[in-house]
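To keep things clear, I will list the structure first and then write my remarks on it.
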Amino acid sequence: MRAQTTIGGLACVALAATLAACAPGTAEPSSGGQSAPATVDFSSFKGKTLTYVYFTDGPDEKATRDAIAKFEQETGAKVNLQIVPFADLNTALQARLSGGNAPEVARVSDWHPFADEAVDFKQYFGSDYASEFSAGAAGTAQDAAGHMYAVPSDSTINGPFINVDAFKKAGVAVPTKWTWEELVTSAKKVAAANQMPYAVAIDKSGNRLSTVLSQFGTVMVGKDGTNALDKAKAAKALTFFTDLVKSNASPKDFWLGSGSKYSGANEIFLAKQVPVYLSGPWQVGAFAESAKFTWAAVPNPCEERCGGFPGGKFMVAFKNSKDPVLGAAFVQWMNRAENQTEIDKTAFWLPTRKDLTEKGFDYPTHDADMKVFVSQIRETPEDTWPAGFDPAFTNSAKALIAETDKVVAGQQDVATAVDNVSAEIDKAIQGAK
Amino acid sequence: MSTTLTAADTASRAPERKPSTWTSMSGRPPSTSTVVRTTLLVAGALAVVAPLVWAALSSFKSAEELAQTPPTLWPHNPTVDNYTSGLQAFDFARYLTNSVIVTVAATVLTLAINSMAAYALAKFNFRGRTVFFLITLATIMIPLQVILLPVYQVVSSLGLTNSLLGLIIPPAATPTGVFLLRQYMLTLPDEMIEAARVDGAGEWAIFWRIILPLSRPALAVVAIFSVIWRWNDFLWPLIVAQDESKQTIPVAIARFASQQAIPFNQILAVSVVTIVRIVVIFLLLQRQIIAGLSQGAIK
Amino acid sequence: MTAASAPVRERPPRGRVHRGRVNTRRLAPYLFLLPNMLIFAVFTIWPALNGFNLSFYDSSNGRTFKPVGTGNYSAILSDEEFWAVVRHTLVYTVGFVLISTVLAMALALMINAQRRGRGAISAAYFLPIVISPVVVGIVWRAAFDRERGMVNQGLSAVGLGEPGWLVEPSLAMVAIIVVGTWIHLGFYAMILMSGLQSIDGSLYEAARIDGTTTWQAIRLITMPLLRPTLMVVVILATIAGFQSFDFIFTLTGGGPVSATTLMVQYIYENGFSYPIEYGLASAAAVILFVVVFMVTFANYVLGRRSDSI
């Protein structure tokens, strides 16, 4: 089969050199069909090996390794964990898939590009498998036709951290509810009292910036996959945010200095340069380890709406891998109630399972902070879930960052930026179809 | 240059001048131009090394001190925390072993096949010589980023993924190496080869006994090139060496640095460790490297 | 001693005794070429042709392909972003090649004339090229920080203020040229030194007896004789310039506002980050290749011609 492809390819290139007439790559992947539900026998995996391509945000690596050890013990299978840098995850996966070397399982932030290569978990675990997960999470893992090409493995919700010591020193009460106006005023006061150069820091990320958009009352992509950007509200949000950055109340050099890449403002917060930092629960573990001051997670500021913006990661199993059944089984195992609980506790992840989100569980450390994030899930408007996980979100978010950059750099005004973002959202939606 | 140039000769060329440089000038005061030149050179050298020294000093600072304005030069409370917490996630010995194996093996292979190809292109007149040379020259300009997927497909269908061989063989036929070696071999006198042929030496013997020893300076340059390239390779090992057990140092660093929750001071510390390693290797081999490069390596 | 000395001309066989040997001699160049060319063909040329083929297709995942004819090329050529990238790449490459070649030349002449501490000085200048580009970006990112970086510490000490190196688009371009030069300067200087040392010292003796000044000697003896070496440096620098990516990616990420996004980053991002436009990336790669090839070839031909004059 492989040899044939190569020979076919050779003939192709001979032609291509002159007229570019041959389809490159392998043929359309065999869809596998919607055959009868596959049976999964966990006792049959002894001695088998699966590959899990993974990226880590830090504390979750240990949690994952512990869970894998348990899986290996229970099933007798071996898991080959391959950790790649997040920035290069897609490159590595694309290469492996195009080279006919698909891993059994991968952790991804967006499963849509892999949908045509991914296992439909409903085929293995029944058509109501999706209902094991909370409504929001389950919705993000299925396509319009009801295929479940991914399992939501962890969810996040954005929210601010504050430097409690600095707030105390400035005599500013730790907030329980605030508006953006109040947040900026208190933050500036705290910064001044502590000789901190900045008031608020926000990660350079489309997901974090979408939080501000949502709080000002709008999302980019609507539930039905249409352009839902309210230009007036977006303009208000962007004006507010870019003014913060331009005036250096939020670090301007940080925002402009990292190009198109994601960039975390965590070190600015850790270095006591800023009293308020908008990020998410994945920072809890790292702060617990390296912050040299008292800090706390606090509720999001409310403007027109409250709450944060959801994010989350998925596990996908590839049907062209050597052992797709084992892959699917591993994903299911990792997301059983007891196993997800264990991972979440160490990794400071928020659960995705319905039973876990309803019942809740206590984190061994920093439980109060984690509970703040959990409370933010309830505050967060419902339209942010479809907005944040629509196939068009990634590209829209990229445009949002790029256009905001230009405003901060003084190259265009907010109105133009909003128009451009809106046009890019249309394009992204078109491209995602 | 018409006789065989061995390492011993290379070394013996420098001392011809040295006596006048170190000792015999001691009587005379240095001229103005010497003073100006030395000052410029030393100032420039310090400027070149400064960012590295700065990074090394910074890596001993805590996150707070690192963020201080104005910055401190010497760390006030030197801490090795960055190193301990930065490195504990790191199986340095494993990555180092892989890096060394890949670098050494790839360099040996590169030297062997590049020099053979260069010899053919420099000293034989045969059908297709120009075409082969142009192809070589052309492919210097294809960056890997650009043909990543097609190359990976080839490597994967040959079953070389996830093996150190997959890191060693594909990049070995460096066009730059062929180019540099050919340029050098062009300067070797043809008469010598002719004479050897008249004496009945075989083609391989001529290459092995005459051409290679004569090309030693150029081979040194290509070896240095190859070591630097393979040691610093990032994108290719990233996608080919999928198992952690096959990863090399740059890939491991990138993996470490891309975590959302890793502070910059730790990234800096890990970076400094890698710099120190390569700098130590470099300083140990420095004499050979500089000599190889400056003793008429490329003409 | 010129770069383009004529290869051995084939001579008629010297008699029957040597017939076997002549045959091996005819075969020898191909055998010598074989191992290199085999690896080359399999791992570079064949994938490159494949990449060329891909540029006529549309693919959003690198696995399934839809033929679009020359659609990718017309899409690219009408893309404003692409032309901005071309402009940045040209500015960077021209700046980098000029500055690094001129400085390397000056450095080589100075080191060559230097007696004391020559080894240590050479080593210091050469050091940056051995450091991983990824790490170079990280180190210089710290050095260029507006308020805490080494560069601005130095500048404000002499009253030059605190420019935002990685924040102002034009300064960021300067910054990447500086770092690109920093990486390669010592290396190019070493190559040039090798050329300098191969110049026959008696030429300078003769010139000094004739009363030529140092500057005249450089202009009349050094420069013409150094030309082939200079050509090697210019070619290497041009290629390095067009292909710069790794250290820029960790230094500026292509920012601010894509002011330092160069060709290879554009290709890489189109090919591997969403939205994936693999065919578009391949087409851009073909364009880059054609441009670099023409520039390098022109360099080569010019270098050869002036050499033979």
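The values are calculated or read from the model by the stated rules, or taken from the named source; none is laboratory data. This one's a predicted model, so the numbers in the text were calculated from it and none came from an experiment. All Cβ positions, glycine included, derive from the backbone under ideal geometry; neighbour counts span all protein chains shown.
Annotations
- Residue within region A:59-72 that is in contact (Cβ under 8 Å) with a residue 60 or more places away in the chain, among the acidic types (Asp, Glu) and in contact with a helix residue (DSSP H, G or I) (Cβ under 6 Å, 6 or more places away or on another chain) present: yes
- Flag if C:ILE235 is under 25 Å from C:ASN72 (Cα atoms), among the β-branched types (Val, Ile, Thr), surrounded by 17 or more Cβ atoms within 10 Å (Cβ to Cβ) and away from chain A (no Cβ under 14 Å): no
- Condition met for A:LYS406 (within 17 Å of A:ALA234 (Cβ to Cβ) and either more than 10 Å from every other protein chain (Cβ to nearest Cβ) or crowded, with 16+ Cβ neighbours inside 10 Å (or both)): yes
Residue-by-condition table, conditions (1) over 24 Å from the mean Cα position of the chain (by Cα); (2) small (Gly, Ala, Ser); (3) assigned to a helix (DSSP H, G or I); (4) buried (at least 21 other Cβ atoms within 10 Å of the Cβ):
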site	(1), (2), (3), (4)
B:LEU165	no, no, yes, no
B:PRO171	no, no, yes, yes
B:GLU191	yes, no, yes, no
B:ARG197	yes, no, yes, no
B:ALA201	yes, yes, no, no
B:ALA205	yes, yes, yes, no
B:ALA218	no, yes, yes, yes
B:VAL222	no, no, yes, yes
B:SER226	no, yes, yes, yes
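- Any hit, region A:116-129, residues being aliphatic (A, V, I, L, M) and either surrounded by fewer than 23 Cβ atoms within 10 Å (Cβ to Cβ) or over 25 Å from A:PRO310 (Cβ atoms) (or both): no
- Residue ID - nearest to the other protein chains (Cβ to nearest Cβ), chosen from residues in region C:260-288 that are touching a residue at least 24 places away in the same chain (Cβ under 8 Å), part of a loop (DSSP other than H, G, I, E, B) and surrounded by fewer than 23 Cβ atoms within 10 Å (Cβ to Cβ): C:PRO275
- Scanning region C:218-232 for residues that are surrounded by fewer than 16 Cβ atoms within 10 Å (Cβ to Cβ), without any contact (Cβ under 8 Å) to a residue 24 or more places away in the chain and hydrophobic (A, V, I, L, M, F, W, C) yields C:LEU220, C:MET223.
- In region C:31-60, the qualifying residues are those that are among the aromatic types (Phe, Trp, Tyr) and at the interface with chain B (Cβ under 7 Å from one of its Cβ atoms), and the one that is surrounded by the fewest Cβ atoms within 10 Å (Cβ to Cβ) is C:TRP46.
- Hits in region B:119-156 - residues which are without any contact (Cβ under 8 Å) to a residue 40 or more places away in the chain, facing chain A (nearest Cβ under 9 Å) and touching a Gly at 6+ places or on another chain (Cβ under 7 Å): B:LEU149, B:PRO150, B:GLN153, B:SER156
- Being loosely packed, with under 15 Cβ neighbours inside 10 Å, among the hydrophobic types (A, V, I, L, M, F, W, C) and either closer than 24 Å to A:ARG305 by Cβ or at pLDDT below 95 (or both) is a property that holds for A:VAL174.
- Being farther than 27 Å from C:GLY241 by Cβ and at pLDDT 85 or above is true of B:LEU165.
- Those helices (runs of 4 or more DSSP H) lying entirely in region A:174-261 with at least 2 residues among the charged types (D, E, K, R): A:180-193, A:231-246, A:252-256
- Looking only at region B:121-158, residues that are outside any helix (DSSP H, G or I) and over 24 Å from the mean Cα position of the chain (by Cα) come to 6 in all.
- Members of region A:244-283 that are modelled with pLDDT of 90 or more and aliphatic (A, V, I, L, M): A:LEU244, A:VAL245, A:ALA249, A:VAL274, A:VAL276, A:LEU278
- Residue within region A:380-393 that is at pLDDT 90 or above, within 12 Å of another protein chain (Cβ to nearest Cβ) and not in a loop (DSSP other than H, G, I, E, B) present: yes
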